[in-house]
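Enquirer: Sharing a structure with you now.
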Amino acid sequence: MDGKIRFAPSPTGYLHEGHLLSALYVWAAARKWNLQIHLRIEDHDQSRARPEYIKSIYEDLKWFGFRFDSDSIQSKHPKRFEKALQKLHSQGLVYPCYCSRKQLEAENPKSSTGEVIYQGKCRQQANPEAMSDQPHCLRISIPNKVVHWHDKFLGDFDENPQQQCGDFPIRDRDGQWTYQFAVCVDDIDEGITHVVRGEDIRNSTARQIALMRLLGRDVPPIYLHHPLVVDAAGKKLSKRERAHSLRQDRDAGVSAEKLLGRVCHRASLVAQDTSLSLEEAISVVADKL
């Protein structure tokens, strides 16, 4: 094998058509580029993760016929995150932030996508640990420099995380690891060489590359961000918005082949809404890579 790719759903709801499309892209990329496939359950958000959702991810993938070479659950590896945090601490790159959500919204500008661009208020305090008994998150002091990276679908990007979001949290006010931190640590420890995911995550790439470099990985993964499946209003499917799940269709008697054909049609990968085997669906996507 020439590397490793991961499929990394979060167990905060049941899988929907957006996950199915992403899985097809991951498995197609693995076939085309001769990669091992790693299933990662990203349950860093313990406030929303549920055991039944973890179980359903494995069941749904098996029902469609997806097979993977290895798997992991984020919460089962706490030491890797603590070790990474200590590495950043030893470089003087981590500091507590006591700003509330209301303060963040009021005191900082926003990007064109509506994301708060943190201006480093707590980093500039003379004694940032003085209020350590109060609720706070931990932020990473990210370099103010441009990150150049290439997307195999979208082309070249030159982005500065300081201008996109500023210093971002790596542990939230509830003591949970953030997505940005957890995914970087896992990608390093699990030897992920290729990242294929939806284009809604594209804006996270430069900051993740910058963070991985601080953690000691100089050569980032190869990235590909694919188009999304959207709802009737043109919005991406979301578990928070209770998107219709694959399990609901499955329980209603819809076949796996029908669902695979439908998602390929909705993603404009095939001209007609028709049934496709998993082999056929993966081949359709692989031809687009």
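Enquirer: Kirkwood Rh, Cα Rg: Rg to Rh for the chain?
Expert: Numbers: Rg = 19.8 Å, Rh = 20.3 Å.
Ratio value, two decimals: 0.98.
Enquirer: If you line up the long axis of helix 51-64 against the longest principal axis of the chain, both from Cα atoms, how many degrees apart are they, to the nearest 10?
Expert: 40
Enquirer: Continuing with the same structure: Would you pull out the residues with amide H under 5 Å of Phe153's amide H, same chain only if 5 or more places away, H placed 1.01 Å from N?
Expert: Hits under the 5 Å cutoff: His225.
Enquirer: I've got another one for you. Can you give me the long-range amide H partners of Lys4? Hydrogens built in the peptide plane at 1.01 Å from N, cutoff under 5 Å, separation of 5 or more residues or another chain.
Expert: Under 5 Å from the amide H of Lys4: Gln36, Thr193, His194.
Enquirer: Tell me whether region 1-52 comes out rounded, prolate or oblate; compute the Cα gyration tensor, take square roots of the eigenvalues as a ≥ b ≥ c, and use a/c under 1.5 as the rounded threshold.
Expert: Values: a/c = 4.17, a/b = 1.92, b/c = 2.17.
Oblate, because a/c is 1.5 or more while a/b does not exceed b/c.
Enquirer: Can you list, by residue number, the Cys in the chain that have no neighbouring cysteine C-beta under 4.7 Å?
Expert: Singleton cysteines: Cys99, Cys137, Cys165, Cys184, Cys264.
Enquirer: Go ahead and estimate [θ] at 222 nm for the chain from helices alone: -39,500 (n - 2.57) per DSSP H run with n ≥ 4, summed, over the residue count, rounded to 500. If you can, show how the numbers build up before the last one.
Expert: Values: 10 runs with 102 residues, N = 289.
Value at 222 nm, helices only: -10500 deg cm²/dmol.
Enquirer: Compute the helix-to-body angle for 17-33: its Cα long axis versus the longest principal axis of the chain, expressed 0 to 90° and rounded to tens.
Expert: The angle comes out near 90 degrees.
Enquirer: Could I ask something else about it? Against the longest alpha carbon principal axis of the chain, how many degrees, from 0 to 90 and to the nearest 10, is the axis of helix 179-189 turned?
Expert: 80
Enquirer: Residues with amide H under 5 Å of Val147's amide H, sequence separation 5 or more or different chain, H placed in the peptide plane at 1.01 Å from N; which?
Expert: Glu159, Asn160
Enquirer: Also, quick follow-up: For region 1-138, with only Lys/Arg (+1) and Asp/Glu (-1) charged at the beta-carbon, what is the dipole magnitude about the Cα centre, in debye rounded to 20? If you can, show how the numbers build up before the last one.
Expert: Numbers: 20 positive and 16 negative charges, 67 e Å.
Roughly 320 debye for region 1-138.
Enquirer: State which entries of Lys145/Lys288; Lys4/Lys152; Lys110/Lys288; Lys32/Lys87 exceed 26 angstrom in Cα-Cα distance in the structure shown. Spell out each step's value before the answer.
Expert: Numbers: Lys145/Lys288 33 Å; Lys4/Lys152 16 Å; Lys110/Lys288 35 Å; Lys32/Lys87 36 Å.
Cα-Cα > 26 Å for Lys145/Lys288; Lys110/Lys288; Lys32/Lys87; rest within.
Enquirer: Turning to a different aspect of this structure: Apply the Kirkwood formula to region 89-167: the hydrodynamic radius equals the inverse of the mean of 1/r over all pairs of different alpha-carbon atoms; give it in Å with one decimal. Don't skip to the end; give the middle numbers.
Expert: Values: mean 1/r = 0.0706 Å⁻¹.
That comes to 14.2 Å for region 89-167.
Enquirer: If you don't mind, there's one more thing I want to ask. Within 11 Å, Cβ to Cβ, of Lys121, how many net charges do the neighbouring residues add up to if Lys/Arg are +1 and Asp/Glu are -1? Walk me through the numbers before you get to the answer.
Expert: On the way: positive: Arg123, Arg139; negative: Glu107, Asp167.
Once positives and negatives cancel, what remains is 0.
Read the figures in this text as sums done on the coordinates, not as results from a lab. These figures come from a predicted structure and were not determined experimentally. For neighbour counting, all protein chains shown are included, and Cβ atoms are generated from backbone atoms with ideal geometry for every residue, glycine included.
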